[in-house]
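A quick write-up on the structure given underneath.
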Amino acid sequence: MYRVNIYLEVFGFLTLLIVLIGVQQETIYDSKHSRFFLGMLIANMCMQITDAISWYNIGHYNEIGPVADTVISAMLVSNFVAYYTILVLFAFYTVSYAAKRTGISIRRAYFTLPFCIPSAIGWIISAFNGMFVGIKDGKQIIGPYYMWGQVGGFVCVLLFIYLLIYCRKYLDGRDIVALSSFIFFPMVGVVARMFIDYLSVMPPAITLSLFLMYVFIHVEQAKRLKEQEVRMTEDRIRIMMSQIRPHFIFNTLNSIYILCEKDPAEAQRAVGDFAEYLRSNLEGLESATEVTMTKELDYIKHYLRLEKMRFQEELEMEFDIEVEDFTVPALSIQPIVENAVKHGIAKKKNGGTITLMTRDKGDHVDIIVKDDGVGFDPKVPKNDGKIHVGMSNVRERLWNISHATMDVESAPGNGTCVTIHIPNDQRLKLNETKGD
C-alpha cells in the first residue's frame, strides 16, 4: 500500500508543478490573490514531498531501522506546518479575490491565525508524543486525542463557510464551486483518515481542490482578461467617437467669441480652460493608463468652468474633497460630470448644482458625483435612437483598469447620484509611483 501512496504523492506533485508554471505566467495580469494561490501550491507540494518520504520510510522500515521513526516524525512536522499554512493562505486568497469586487478589507483573513497557530503547534508536539497521531515501529498510529486535534481545522472550515456566504453575491457559480471544493474534499479526507489509516488522503484531496480552483478561477480569469483586452481596444474607438462632441466645441468657441469683446481677460482664461480640456481628452483617449485623482479633478474643473461660461448662474459647482491620494483611469470621472450637466442640469428649469465628493471608507475610497437635476428612472431604457455608450464604457474601464465598481441612483425630479468605489490598491499604486 505504501507504493500506492508514493505514486499518489508523485502524481499530485507533478500536477501541481504544471499548475505552478501556469500561475506564474498569469501573474503578469495580476494580483495579490494569485500570490496567495502560489503559496498554497508550494505548501501543498511540500506536503506531497514530505508525505512521500514518510511512506518510503514506512515501506522500508525493516531495512532502515529505528532511524525511520525519527525521519517520519520530522516529515510529519513539515506536513503539519504546510497544512496549516495552506489553511491561512486559503483565507487570504478568498478575501483578496473577493476584495477585487467588493472592496472588503483583507484583515478579515486574519481570523484564521488564532486557530491555526495553536493547532499547528499541537500537531508538531503530537509528532513526538503521539497525542493526535504518533509513530510506532514505522507505522502511523491514531492517538487518543485525535478528534481534539481536528478542532482547529473544523473551526477554520466553519469560518470559511461564513466567508463564502458573506461573499456569495459577488462571486459567480464557478467561483463558489471551486472555493467550496477546498472545504468539501479535505473534510472527506479527514473522515476517510479516521477509517483508513494506511492511505494518504489529505494531500491528494487538497491537490484536487487546488486544481479545480486553478481551472475554474485562474484559467477563466486569464480568458476573460484576454477578451477584455480586445473589447477595450474596440471601446477606445467608441469612446473617441462619443467624446468628440461638435455641439459642445461650437458652443464653447461661440461663448469665447462673445467674451472677446465683453471681457477679454475672461476670454483669455476660457481659452486656457478650453485648451486644457482638449489636451486632457486627447491624452486620455490615446492611453488606457491611470492618472492621479488630483489630475482628474483638474480636468473636471476646466470642463465645468467652460460650461459655467455658457450656463452662467444656472450651473453651480461644489467640491468636497476629503481624499485624493489615489489613482483612477484617465477620463473616467469627467464623463460622469459631463453626463450630469447634459442630462441633469441642462434639462432642468433654472438649472441646478453639481457636487463632487470623495470619502475615505477605510478599506476603499468613494467618489460621489451628485446633481439635483431632472433625474431619470434607471429601470426604463432610453429609446431616443441614440447610442448611449458613455456610462457603460466608464463602468467597464473602471473595472478593467482599477477593479472599481460604480452604483447609480436616480429618480425623476430628484436628481442623480453616481458612487464609484475605488479599492485601496489604487493608493498603493500611487505610493509606488511616488517611490519610483
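A search for C-beta distances below 7 Å between a residue of the stretch 148-175 that is assigned by TED's automatic domain parsing to the domain that holds GLY130 and any residue that is of a type in the set (D, E, K, R), counting only pairs 6+ apart in sequence or on different chains, returns TYR170/ARG101; ARG174/GLU220. Scan the stretch 334-369 for residues that are farther than 22 Å from ASN251 by Cβ and either among the aromatic types (Phe, Trp, Tyr) or free of Cβ contacts under 8 Å to residues at least 40 places away in the same chain (or both) and the total you get is 4. Taking the stated definitions as given, is ILE165 at pLDDT 80 or above and over 38 Å from the mean Cα position of the chain (by Cα)? The answer is no for ILE165. Of the set (1) small (Gly, Ala, Ser); (2) over 30 Å from ASN400 (Cβ atoms); (3) surrounded by fewer than 20 Cβ atoms within 10 Å (Cβ to Cβ); (4) at pLDDT 80 or above, all apply to GLY12 but (3).
Yes/no per residue for (1) of a type in the set (D, E, K, R); (2) in contact with an Asp or Glu (Cβ under 8 Å, 6 or more places away or on another chain); (3) part of a helix (DSSP H, G or I); (4) at pLDDT 90 or above:
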| position | (1), (2), (3), (4) |
| --- | --- |
| GLU396 | yes, yes, yes, no |
| ASP407 | yes, no, no, yes |
| ILE420 | no, yes, no, yes |
| THR433 | no, no, yes, no |
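A single member of ASP377, ASP425 is at pLDDT 60 or above, within 20 Å of the chain's Cα centre (by Cα) and in the same structural domain as LEU331 (by TED's automatic domain parsing), and it is ASP425. Scanning the stretch 128-153 for residues that are small (Gly, Ala, Ser), at pLDDT 80 or above and not in a loop (DSSP other than H, G, I, E, B) gives GLY149, GLY152, GLY153. Looking across SER78, SER54, one residue alone is at pLDDT 85 or above and assigned to a helix (DSSP H, G or I). It is SER78.
Being closer than 23 Å to LYS348 by Cβ, out of contact with any Cys (no Cβ under 9 Å at 6 or more places or on another chain) and modelled with pLDDT of 85 or more is the requirement here; does MET317 meet it? When the stated conditions are applied, MET317 passes them.
Looking across the stretch 97-108, the residues that are surrounded by fewer than 22 Cβ atoms within 10 Å (Cβ to Cβ) and either at pLDDT 85 or above or part of a helix (DSSP H, G or I) (or both) come down to LYS100, ARG101, THR102, ILE106, ARG107, ARG108.
The values are calculated or read from the model by the stated rules, or taken from the named source; none is laboratory data. Predicted model, so just to flag it, every value in this text is computed and none were measured. Neighbour counts are summed over all protein chains in view; Cβ atoms, including those assigned to glycine, are modelled from backbone coordinates with ideal geometry.
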